[in-house]
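Student: Below is the structure I would like to discuss, written out as structure tokens.
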Amino acid sequence: MAELAKTLRAELDRYSPGGKLPSSRTLVERHRVSPVTVSRALAQLAAEGLVVTRPGAGAFKAETRAAPASGDASWQELALSADAAELVPRAVDASGVLVTLAAPPPGVVEFNGGYLHPSLQPERALAAALARAGRRPGAWGRPPTDGLTDLREWFAREIGGGVTGAEVLITAGGQSALTTALRALTAPGTPVLVESPTYPGMLAVARAAGLRPVPVPTDTDGIRPDLLEAAFRATGARVLVSQPLFQNPTGALLPPSRRREVVRIARAAGAFVVEDDFARRLVHEDAGPLPPPLAADDPDGVVVHVCSLTKITSASLRVGALAARGPVLERLRAIQVVDSFFVPRPLQEAALELVGSPSWPRHLRTVSQELKARRDVLTAAVALRLPELALPHVPSGGYHLWLRLPDALPEAALLTAALRAGVAAAPGRPYFCAEPPAGHIRLSFAGVAGPTEIHEGVRRLRTALDELLP
């Protein structure tokens with residue numbers, strides 16, 4: 001299709017504006033392609049504004065449009081500048097998010113990915129689920145604003161601990177849920193405690209809401225309770241955002257003693273804990289039994305729970321959940337409705353079909369086995385070929401390794417050299433809301449095709465290191 005569209009694009013100079021192109025049958029015979037290919041190529045040119053298709057009449061070269069007048073947007077510099085009374089600037093740095101969303105150039109090994117490689121996604125099961133969902137009665141009607149009852153109850157059972165469907169709101173993925181939670185729980189200009197390092201998308205959400213992220217250091221067991229207690233005292237913060245399970249980017253798993261301490265400390269401070277449980281379904285085969293979510297053992301409503309189906313399925317299945325107990329649920333619900341009305345019903349119906357199908361547990365087992373195998377391949381390759389990079393913790397869940405660089409190796413220089421060598425890694429700097437203790441990179445083993453590509457990516461990183469190190 002792309003080749004035919006390119007050919008037709010080049011041939012448009014032969015026609016005057018409004019001139020009719022050859023018929024689809026003629027194009028099929030001339031270029032020896034299928035009618036579907038012709039249809040798609042013409043649709044592509046129509047989307048680009050180069051041709052106009054008229055049912056029953058054919059395709060015509062689009063009329064030339066005058067270039068729009070150049071405006072003067074310089075006034076926006078003043079309108080977007082931070083007011084003197086603002087405690088937090090409104091400008092938001094989304095670079096840490098974009099690096100995991102933007103596709104690198106062709107041929108580059110994607111160690112910077114934030115989602116499963118297509119070979120790990122349940123594409124057939126998703127397609128079948130979407131097809132079945134589309135045939136459900138009322139599938140294209142307006143859903144309840146809180147989400148479909150059956151889907152809310154499914155998420156409640158997954159969370160456990162007596163959480164009910166009435167305490168769950170369906171969201172457009174985890175990022176949307178985090179946005180709603182932070183806007184609901186604290187006011188612009190106030191501090192919010194975050195793990196350091198932590199997920200850049202959450203930092204971007206916090207800053208977009210006008211909050212002041214305050215770092216609480218972590219170690220290989222997660223957030224440090226002693227420093228958390230001190231941070232609450234020093235700042236008066238009323239919210240902590242935490243990833244107790246396979247923390248991003250460190251991969252740390254919060255042990256039972258610290259789990260209890262985190263909730264106790266927050267309760268004593270009169271604060272909420274936003275639990276971002278993004279990686280529960282990304283557990284590795286050798287992880288052993290997982291601890292339940294913090295929300296499952298929280299009768300007082302300290303924990304606001306966030307989870308999603310996106311990471312374990314596809315970036316486009318943006319279906320997640322917010323769970324909360326007490327009066328805060330009504331505030332979360334109000335902000336959710338104002339921001340997005342509701343999650344499209346066909347997506348919710350498809351999610352229900354997927355998690356209720358026999359293919360769902362099979363998919364979870366396959367991903368668990370694959371992630372463990374890929375983690376082991378990348379860990380061994382890093383130890384063998386990149387001994388200069390420190391790996392303080394090998395995770396038992398999630399999809400990446402967090403590596404510390406030597407003090408003499410600038411992070412930005414390594415990433416630039418790596419791209420020249422044909423491999424993309426996620427920079428460590430966006431994971432810190434204050435000055436980082438050292439340079440870091442994050443290497444994803446879920447977004448690549450398999451072991452062969454992992455080995456090739458590490459080989460290219462070695463080339464980059466050799467370029468920079470004496």
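Student: Among ALA128, ALA449, VAL52, whose Cα projects farthest towards the positive end of the dipole of the chain, with charges put on the beta-carbon of Lys, Arg (+1) and Asp, Glu (-1)?
Tutor: VAL52
Student: Go through 28-34, 248-254 and give me the packing order, highest mean Cβ count within 10 Å leading. Let's see the in-between values first.
Tutor: Values: 28-34: 13.0, 248-254: 25.3.
Ranking, from highest mean packing down: 248-254, 28-34.
Student: I would also like to ask the following. Test of understanding: ordering LYS311, LYS372, LYS61 by Cβ neighbours within 10 Å, fewest first, what list do you get?
Tutor: Lowest to highest Cβ neighbour count: LYS372, LYS61, LYS311.
Student: Taking amide H positions as placed 1.01 Å from N in the peptide plane, with prolines and chain starts having none, which residues 5 or more places from VAL303, or on another chain, fall under 5 Å of its amide H?
Tutor: Close amide H contacts, sequence-distant or interchain: VAL273.
Student: To continue, here is another question. Principal axis lengths of segment 125-355 from Cα atoms, whole Å, largest first?
Tutor: Rounded to whole Å, the extents work out to 55, 42, 30 Å.
Student: While we're on this one: Based on the alpha carbons, how large is the Rg to Rh ratio for segment 2-61 when Rh follows Kirkwood?
Tutor: 0.91
Student: Between 0 and 90 degrees, rounded to the nearest ten: what's the tilt of helix 451-468 against the longest Cα principal axis of the chain?
Tutor: Tilt of helix 451-468: around 80 degrees.
Student: Kindly provide the Kirkwood hydrodynamic radius of segment 221-326 in Å, to one decimal, from all pairs of distinct alpha carbon atoms.
Tutor: Numbers: mean 1/r = 0.0692 Å⁻¹.
Taking every pair of different Cα atoms in segment 221-326, averaging 1/r and inverting gives 14.5 Å.
Student: A further question follows. Residues in segment 9-30 near a label at ALA46, defined as backbone nitrogen under 20 Å from the 7 Å Cα→Cβ point?
Tutor: Flagged as within label range: 9-13, 15-29.
Student: Write down the Kirkwood hydrodynamic radius of segment 313-470, to one decimal in angstroms, obtained as one divided by the mean of 1/r over all alpha carbon pairs.
Tutor: Details: mean 1/r = 0.0534 Å⁻¹.
Result for segment 313-470, one decimal place: 18.7 Å.
Student: How large is the charge dipole for the chain, taken about the Cα centre, if only the Cβ atoms of Lys, Arg (+1) and Asp, Glu (-1) carry charge, to the nearest 20 debye?
Tutor: Dipole of the chain, to the nearest 20 debye: 1440 debye.
Student: Moving on to the next point. Any idea which of LEU371, PRO35, VAL423 is furthest toward the positive side of the dipole for the chain, if Lys and Arg beta-carbons carry +1 and Asp and Glu beta-carbons -1?
Tutor: Comparing the listed Cα positions along the dipole, PRO35 ranks first.
Student: Moving to a separate point now. Say each of ARG420 and ALA383 gets a label point 7 Å from the Cα, pointing the same way as Cα to Cβ; how far apart are those two points in nm?
Tutor: For ARG420 paired with ALA383, the spin-label model returns 3.1 nm.
Student: Between GLU11 and SER316, take the C-beta separation as r, use R0 = 35 Å, and let me know the FRET efficiency to the nearest 0.05.
Tutor: 0.55
Student: Please work out the FRET efficiency for the pair ARG157 and ASP339, using the Cβ-Cβ distance as r and a Förster radius of 22 Å; give the result to the nearest 0.05.
Tutor: E between ARG157 and ASP339, to the nearest 0.05, is 0.25.
Student: Quick one: pull the percentage of alpha-carbon pairs in the chain with a separation above 45 Å.
Tutor: 21 percent
Student: I would also like to ask the following. For LEU45, LEU386, LEU178, what ranking results if the residue with the fewest other Cβ atoms within 10 Å of its Cβ goes first?
Tutor: Listing LEU45, LEU386, LEU178 from fewest to most nearby Cβ atoms yields LEU386, LEU45, LEU178.
Student: If you line up the long axis of helix 174-185 against the longest principal axis of the chain, both from Cα atoms, how many degrees apart are they, to the nearest 10?
Tutor: So the helix axis and the longest Cα principal axis differ by about 50 degrees.
Student: Using mean Cβ contacts within 10 Å as the protection proxy, how do 393-400, 266-273 order, highest first?
Tutor: Values: 393-400: 22.4, 266-273: 19.0.
Packing order, densest peptide first, comes out as 393-400, 266-273.
Student: Between SER257 and ALA449, with labels modelled 7 Å along Cα→Cβ, what's the label distance in nm to one decimal, could you check?
Tutor: 4.8 nm
Student: Straight-line reach only, C-alpha to C-alpha below 23 angstrom: list the lysines that LYS61 could link to, leaving out same-chain residues fewer than 8 apart.
Tutor: Within reach: LYS6, LYS20.
Student: At what distance in nm do the modelled label points of ARG124 and GLU456 sit from each other, each positioned 7 Å from its Cα along Cα→Cβ?
Tutor: With each label placed 7 Å out from Cα toward Cβ, I get 2.6 nm.
Student: Roughly how big is segment 125-355's charge dipole about its Cα centre, with Cβ charges of +1 (Lys, Arg) and -1 (Asp, Glu), in debye to the nearest 20? Intermediate values should be presented prior to the final figure.
Tutor: Working: 25 positive and 23 negative charges, 124 e Å.
Dipole of segment 125-355, to the nearest 20 debye: 600 debye.
Student: Turning to a different aspect of this structure: Rounding to the nearest 10 and keeping the result within 0 to 90°, find how far the Cα-based axis of helix 2-11 lies from the longest principal axis of the chain.
Tutor: Approximately 50 degrees, to the nearest ten.
Student: Right, next: Fewest first, what order do TYR15, TYR199, TYR115 take by the number of other Cβ atoms within 10 Å?
Tutor: Ordered from fewest to most neighbouring Cβ atoms within 10 Å, TYR15, TYR199, TYR115 come out as TYR15, TYR115, TYR199.
Student: Quick one: Cα centre-to-centre distance for segment 141-187 and segment 263-289, in angstrom?
Tutor: Taking the Cα centre of segment 263-289 as reference, the centre of segment 141-187 is 16 Å away.
Bear in mind that the values in this text are calculations on the coordinates, not laboratory data. As the structure is a computational prediction, the values presented were derived from the model and not from experiment. With ideal geometry, Cβ positions are generated from the backbone for all residues, glycine too; neighbour counts draw on all protein chains shown.
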